[in-house]
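Student: First, the structure itself, so that you have it in front of you.
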Amino acid sequence: MKVSIDKHNTYDIRAKDILKNASMQASRVLLDFSIILLNYKCRRKFMDKRKIFTAIMAISMLITTFSGCSSNQKQSYGNLGKGDESDRPEVEDIVIDNESDIYNIGDEIQVKNVDYGTNREYVAKSYIVNSVKIYDTAAEIDGVQDKLIETDYYMGADPEKPAILKKDEVACGKLLLCDISVKNIEDEICTVGDISLVYDINGVCQLLGYPVYFSNAKDNEHGIYDYTLVQGQSLDAQIGFCVDPALLQIDNMDLSKLYLSVNFNGDEENRQFIDPGLE
């Protein structure tokens, strides 16, 4: 039985938000202090004007510094993925090297996590894909159309061509519906956002997209892929993926080249594939 580690690659985004908010709050505090100091000057005429001027200049420089840091931080993150091709890190092709790396319908996949405070590895949850079926349209499945999710898919399985699939488009297109079982062992996040659909093109796996349907989603406010499950308990759910060749702009799509993947964007040793057995 293979093991997958979910590293939750969201810490850089959270760090960016924390730094941005901190710089904005610091700027506001310094500005308020400057106003108080000016008011104090008006009330205390005997105060040394040179000291007041020096203090105000120092505060202005600090505000400029914090604002600059916030601006530079925003620009730095805004430029990720841009610039000259020579500046971009080389992206390695994701391939399935060994047939033993592929799970099948009914296999259990254990997803591990790491407690970064103690470096303890533990099994967070497990997945089982029980069955799959392709429907001609999502709209024909009871209860699915009202819970469809608008999300990015990659046209032609090209990472340079993301596009948002609208609900009405997905409703009229082919849908891969998967019956899955999830067991919460020590999971505190409870999301199916780590499951994606990929397409094998000449031996290289390319990301197509994430679920456009999740039967047990809380709501859009709390997370379209999040669910509630007490540790030690299991639930059965359904997830759906758009597999319509026209919508995905894939000519002569070979369904046998479609795979589900857990932690597709993670490290190679933690990336797992599930063959849905489509023909």
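The values are calculated or read from the model by the stated rules, or taken from the named source; none is laboratory data. What you see is a predicted model; the values in this text were computed from it and never measured. Cβ placement follows ideal geometry from the backbone for every residue including glycine, while neighbour counts extend to all protein chains displayed.
Student: Conditions: (1) under 20 Å from the mean Cα position of the chain (by Cα); (2) within 24 Å of Ile102 (Cα to Cα); (3) at pLDDT below 95. Val204 meets all but one. Number of the miss?
Tutor: (1)
Student: Output the residues belonging to segment 226-241 that are crowded, with 16+ Cβ neighbours inside 10 Å, within 15 Å of Asp179 (Cα to Cα) and either not aliphatic (A, V, I, L, M) or not assigned by TED's automatic domain parsing to the domain that holds Leu176 (or both).
Tutor: Of everything in segment 226-241, those that are crowded, with 16+ Cβ neighbours inside 10 Å, within 15 Å of Asp179 (Cα to Cα) and either not aliphatic (A, V, I, L, M) or not assigned by TED's automatic domain parsing to the domain that holds Leu176 (or both) turn out to be Gln238, Gly240, Phe241.
Student: Output the number of the condition that Lys147 fails; it satisfies all remaining conditions of (1) surrounded by 15 or more Cβ atoms within 10 Å (Cβ to Cβ); (2) at positive phi.
Tutor: (2) is the only condition that Lys147 fails.
Student: If you don't mind, there's one more thing I want to ask. If only one of Ala157, Ala171 is surrounded by 15 or more Cβ atoms within 10 Å (Cβ to Cβ) and farther than 23 Å from Ile102 by Cβ, which one is it? Outline the logic, then answer.
Tutor: Details: Ala157 fails: farther than 23 Å from Ile102 by Cβ.
Only one candidate qualifies: Ala171.
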